[in-house]
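The values are calculated or read from the model by the stated rules, or taken from the named source; none is laboratory data. Just so it is clear, the structure is predicted and the values come from calculations on it, not from any experiment. Methodologically, a virtual Cβ is constructed for each residue, glycine included, from the backbone with ideal geometry; neighbour enumeration extends over all protein chains shown. Keep in mind that these areas ignore ligands, DNA and RNA; they rest on the heavy atoms of the full protein, side chains included. Shrake-Rupley method; radii C 1.70, N 1.55, O 1.52, S 1.80 Å.
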4 protein chains.
Amino acid sequence: MTCESNADLQEIVDEVRSIAEEGKVADYIPALSKVDKNDLSVAIYERNNKCIFAGDYKNKFTLQSISKVLILALALQDRGIDYVFDRVGMEPTGDPFNSISKLETSIPSKPLNPMINAGALAVTNMIKGESEREKWDRILQFVGCLANNKQISYDLEVANSELETAFLNRALCYFMKQHKVIHGDIEELMMLYTKQCAIEMNCFQLARIGAVFALNGLDPETGERLIPIHIARICKTFMVTCGMYNASGEFAIKVGIPAKSGVSGGILGVVPEKYGIGIFGPALDNKGNSIAGIKLLEILTKRYNFSIF
Amino acid sequence: MTCESNADLQEIVDEVRSIAEEGKVADYIPALSKVDKNDLSVAIYERNNKCIFAGDYKNKFTLQSISKVLILALALQDRGIDYVFDRVGMEPTGDPFNSISKLETSIPSKPLNPMINAGALAVTNMIKGESEREKWDRILQFVGCLANNKQISYDLEVANSELETAFLNRALCYFMKQHKVIHGDIEELMMLYTKQCAIEMNCFQLARIGAVFALNGLDPETGERLIPIHIARICKTFMVTCGMYNASGEFAIKVGIPAKSGVSGGILGVVPEKYGIGIFGPALDNKGNSIAGIKLLEILTKRYNFSIF
Amino acid sequence: MTCESNADLQEIVDEVRSIAEEGKVADYIPALSKVDKNDLSVAIYERNNKCIFAGDYKNKFTLQSISKVLILALALQDRGIDYVFDRVGMEPTGDPFNSISKLETSIPSKPLNPMINAGALAVTNMIKGESEREKWDRILQFVGCLANNKQISYDLEVANSELETAFLNRALCYFMKQHKVIHGDIEELMMLYTKQCAIEMNCFQLARIGAVFALNGLDPETGERLIPIHIARICKTFMVTCGMYNASGEFAIKVGIPAKSGVSGGILGVVPEKYGIGIFGPALDNKGNSIAGIKLLEILTKRYNFSIF
Amino acid sequence: MTCESNADLQEIVDEVRSIAEEGKVADYIPALSKVDKNDLSVAIYERNNKCIFAGDYKNKFTLQSISKVLILALALQDRGIDYVFDRVGMEPTGDPFNSISKLETSIPSKPLNPMINAGALAVTNMIKGESEREKWDRILQFVGCLANNKQISYDLEVANSELETAFLNRALCYFMKQHKVIHGDIEELMMLYTKQCAIEMNCFQLARIGAVFALNGLDPETGERLIPIHIARICKTFMVTCGMYNASGEFAIKVGIPAKSGVSGGILGVVPEKYGIGIFGPALDNKGNSIAGIKLLEILTKRYNFSIF
């Protein structure tokens, strides 16, 4: 993948960079807090294999919650729609991404959707493989294929740090194990989950993944089908209804494209039929979304009329 | 508005009509339960002022929750975006449409979105007018204008029946009055709200309203602007994220168009840039949506690729 | 009723009075906020018709939530145990006294106990009488009888002020009306409820009411039965498990007697077989209990071993 | 400890035994479900070292939730009142004993009281000891001392079975670990907790423990102090406000003594200054309390006026 710097885009990046001052870098694990708060990079990947960027494209970041949508795409291929949605719901929620209460009050207990932690843990639990190792290899291969980069791997320090401290996710797992939503060894699941969250890439690679979704599952270079069309569409739908944490509704109104953010400051954006977008800006707003990244998308959508609504 | 019967559409209607048997007509007030469970009618209004229909187009029904999206469009014009969304949120919710708990647990107390009862009551409270009468006249005029029919009025029996029994909505109102989300006399607000829910029309008229949204606010006959473009888009966004009660997420995946349903069995559908759809099928599924209407839309979206995703 | 000043008691009052500085007088209606924050008076009514006091016994205050236990005693006589507890539960709750969420999540909807607002409103709705006037007369007569004072009435300003602003209580009422826990006209019920909360007395009169409960329902002067023994016991049990708002558990541990507080700063205390206690100290702690009153009872229970545990 | 059969008591046991038919033996682990549903035994231990019994006194049962009150007594001695209640609340709750939602909605996260699972897990986490082994030895020694029986041990099969399946308790633990309410290794804590729940004894031994609480901490045979008086009182207070799961309020009204039940069908009862009561009747009502045991206590309290209210 080659990508050219673009003056217009750089102008917008320069314009919104200062808003990072109002945000806050995630610091719940030391590894995440080491980044420069003012970093901001963006890549836009076009259908015709053209890509433009602005900001420091070399910056790498971990996917964190962005991985939820990729894992969903893989699990839907592994298990089929009925299996997955018998165990995880399709509805957006007004509760925080890490909430456990709704699991208790819903009868039967079922995570509301695959974009909240409970749902994503359940979906990761569905990935096929004889061993944790085999599951992990399959995940990495799938993501590498979407990003067209076989070197893609994960940040060991971030993964280990999360593994040591993710007590809330363990609480969600055990609660769901009690209610037979998930199965098997929880520590093994936690290893797989924290590794997938720690998958590392730059904004180019993320933009290319967005382009696959923009093309309903086709490789933007070769035209090869990487994700079945109906699964690509399901993923995009969740990105609209619950991709941006508790600000998904507001984002749908203000930007209006399928997108998924992560607490590392990454945003995966999709302009259907047209572009994949990858953004990295680690300063977060109070909902956990990249504050400069959101602003950038607001400007882009106004200027280029990206909204699907 | 003229509308022609269409054989293809009639075939689909005949195909799905029997599914009504699995549904249940709303019976919480006697006036709603009087309809024929097997009724099913649909109209599709095209851009070029062509309209096709199937089923008994003469059937009238009350808007019920469909009115929420129309009132929102009017309130946004009356008060502006900031005023409205300072008082009502933009986020979808996993809670039932008539839930009160989230009002208590959210700080500050604020309905999550304008498509749940709490939010719609707050939005109705924002309609401008010196008196309940004046507010009502403005609502009726606005809806009549969208439907291009000045005779549109409301079903007095349904309105009165709801007014007498809507204790839960009063509870929501008083709770929000305590928290200063709404103001003024609650009984007056209840009168206005129950009348707007009881606005009566047929599927043609509803399809025409859908066409206005499909054209981002333009009159599909005259091209005149009836709703500002940014407001039409906001309304469509809410129709996607929370238009179909607690099945909005599933509907987005299975159908994928902006839509709003009512407990009377009506569905307002929007195929952006293309069609407005009006459906009436009073047998409801367990989420409160027209069971045959949903099925009809699933078939249409598959056949004609309506989905925005 | 005659009552003598007591030096020991006065000493304790003087000792704890300064703690009122850390509290806050209720100010949600103007009428309540007019009192002197440092007021503190206490009366202890003994079995043998002896009464001692300390502080300014002339201070009158409204019962507020203290009335809940008196109304419960009357409703149990009016309707019997089964009728009352079919509609209102017996269990303490960790939720705030004015919470509505549990009404929604409990199936069937039922207030958890008669000491929270929802339960007390439902209990007031059970008082017998052909009209609001007759019900009110019966309440006033019953309370006057317990206090041995037929002049006891209510503070009109407080009652009216609460009537105008009690939107949350109306929300609770309408919610319960929807679920058929309460019946009839809500505004009439609100009038009755706000008047009973505004019943006015001094600490002597309240202590005498406590003595009736201490003697399991007997008039401490005449020995006449004023409340059936099993009802007096039920009332005392609720005073232990949920008489002091969300600090009932802590109060049971630290003081250990049946007691009921009100937001006016009054506390009704009962030392079984021995004393009735009336306290007025309007500065409240963050749970809504009289801060000096609680401290006073902690000292009394340590010195005189009042605890029933 | 010697104990004599008593004809009066046997008559009551025979009278209530049949009510077990309406109950249901706990079956969430196989080991608990093996008992005879119609078993019923009771022992009443008097101050003067006299003990009477009825039913088959040889029946042994595991303490289950009864252990919560004993562990609390030990933790309060180990850590002091402030330490314990900084981490666990004193308030009763209307939520189920195994609920997790309130941990999420309370700020800061804190179990409401030591009688629900979350609170009991946190209290067990406070027991002093260099190792799990040392902590367990201290627990066993303390319980053996209260029961005056050094042979008291635990049911390995029950403990292991619970350890394998207690996913909900692990969820509670990890949630509290996230919020720093508990510390250290969760699996070690789970081992300790499941063993203490599996401590096994008969109704005599349980009655003797009750007698220690009845005498405010004194050994009923030797008069030696086994539990400090203020701690014994705190334990009895929790037994009143939240000892019988979600039926604590009703039990306080209908029976009116400090008591703690377990899902094995055991009940520990305390008649202050007078008796300790041990009951075993494994058929449970829908709240998880021994159905025949509750009935037995209702009859005893009526006949002998046990109520503290």
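Here are the numbers for the structure shown:
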read-out	value
Residue check, A:VAL158 β-branched (Val, Ile, Thr), farther than 30 Å from D:ALA171 by Cα and not in a loop (DSSP other than H, G, I, E, B)	no
Flag for B:ALA31 being open to solvent by less than 60 Å² (accessible area, probe 1.4 Å) and at pLDDT 95 or above	no
Residue satisfying condition, being under 16 Å from the mean Cα position of the chain (by Cα), of a type in the set (S, T, N, Q) and away from chain B (no Cβ under 14 Å), within set A:SER41, A:SER131, A:SER67	A:SER67
Unique residue being more than 14 Å from chain A (Cβ to nearest Cβ) and open to solvent by less than 10 Å² (accessible area, probe 1.4 Å) when the list is B:ALA283, B:ALA232	B:ALA283
Residue within region C:174-184 that is more than 23 Å from B:SER101 (Cβ to Cβ) and part of a helix (DSSP H, G or I) present	no
Breaking point among (1) surrounded by fewer than 23 Cβ atoms within 10 Å (Cβ to Cβ); (2) touching a residue at least 12 places away in the same chain (Cβ under 8 Å); (3) not hydroxyl-bearing (Ser, Thr, Tyr), for D:PHE61	(1)
Long-range neighbours under 7 Å by Cβ, at least six apart or interchain, first residue without any contact (Cβ under 8 Å) to a residue 40 or more places away in the chain within region C:17-45, second surrounded by 18 or more Cβ atoms within 10 Å (Cβ to Cβ) and hydrophobic (A, V, I, L, M, F, W, C)	C:SER33/C:VAL25; C:SER33/C:ALA26
Residue within region C:143-151 that is modelled with pLDDT under 95, open to solvent by 40 Å² or more (accessible area, probe 1.4 Å) and within 12 Å of another protein chain (Cβ to nearest Cβ) present	no
Hits in region B:286-309 - residues which are of a type in the set (Ser, Thr, Tyr), more than 14 Å from the chain's Cα centre (by Cα) and more than 14 Å from chain A (Cβ to nearest Cβ)	B:TYR304
Answer residue from region B:170-203, given it is among the small types (Gly, Ala, Ser) and within 21 Å of B:PRO111 (Cα to Cα) and is farthest from the other protein chains (Cβ to nearest Cβ) among those	B:GLY184
Which listed residue is touching a Lys or Arg at 6+ places or on another chain (Cβ under 8 Å) and either of a type in the set (A, V, I, L, M, F, W, C) or assigned to a loop (DSSP other than H, G, I, E, B) (or both), from B:ALA252, B:ALA207, B:ALA247	B:ALA247
Sole exception among (1) open to solvent by less than 10 Å² (accessible area, probe 1.4 Å); (2) within 30 Å of A:GLU162 (Cβ to Cβ); (3) in contact with a Phe, Trp or Tyr (Cβ under 7 Å, 6 or more places away or on another chain) for A:GLY256, by number	(2)
Residue in region C:204-229 that is farthest from the other protein chains (Cβ to nearest Cβ), counting only those that are open to solvent by less than 30 Å² (accessible area, probe 1.4 Å) and of a type in the set (Val, Ile, Thr)	C:ILE209
Entirely in region A:1-118, the helices (runs of 4 or more DSSP H) that have 1 or more residues that are among the basic types (Lys, Arg)	A:67-79, A:81-87, A:101-105
When residues of region D:76-121 are limited to those that are open to solvent by 40 Å² or more (accessible area, probe 1.4 Å) and within 12 Å of chain C (Cβ to nearest Cβ), the one nearest to the chain's Cα centre (by Cα)	D:PRO96
Residue check, D:GLU188 closer than 30 Å to A:TYR28 by Cβ and either of a type outside the set (Ser, Thr, Tyr) or outside the structural domain of D:PHE97 (by TED's automatic domain parsing) (or both)	yes
Some residue of region A:259-280 being under 13 Å from A:ILE44 (Cα atoms) and among the basic types (Lys, Arg)	yes
Every residue from region D:243-280 that is aromatic (Phe, Trp, Tyr) and within 11 Å of chain C (Cβ to nearest Cβ)	D:TYR245, D:PHE251
Only one of B:VAL263, B:VAL270 that is open to solvent by 10 Å² or more (accessible area, probe 1.4 Å), over 19 Å from A:PRO111 (Cα atoms) and within 12 Å of the chain's Cα centre (by Cα)	B:VAL263
Verdict on D:LYS128 being part of a loop (DSSP other than H, G, I, E, B), more than 18 Å from C:TYR245 (Cβ to Cβ) and either in contact with a Leu (Cβ under 8 Å, 6 or more places away or on another chain) or not hydroxyl-bearing (Ser, Thr, Tyr) (or both)	yes
Given (1) surrounded by fewer than 22 Cβ atoms within 10 Å (Cβ to Cβ); (2) of a type in the set (A, V, I, L, M, F, W, C); (3) in contact (Cβ under 8 Å) with a residue 40 or more places away in the chain, index of the condition D:ALA7 fails	(3)
Verdict on B:ASP137 being away from every other protein chain (no Cβ under 14 Å), open to solvent by 60 Å² or more (accessible area, probe 1.4 Å) and in a helix (DSSP H, G or I)	yes
Region D:150-174 residues that are without any contact (Cβ under 8 Å) to a residue 24 or more places away in the chain, paired with ones that are among the small types (Gly, Ala, Ser) and surrounded by fewer than 19 Cβ atoms within 10 Å (Cβ to Cβ) (beta carbon under 8 Å, 6 or more apart)	D:LYS150/D:GLY144; D:GLN151/D:GLY144
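Every residue, every condition in (1) in contact with a Pro (Cβ under 9 Å, 6 or more places away or on another chain); (2) farther than 23 Å from D:VAL25 by Cα; (3) of a type in the set (Lys, Arg), yes or no:
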| residue | (1), (2), (3) |
| --- | --- |
| D:PRO220 | no, yes, no |
| D:GLY266 | yes, no, no |
| D:PHE280 | no, no, no |
| D:ALA283 | no, no, no |
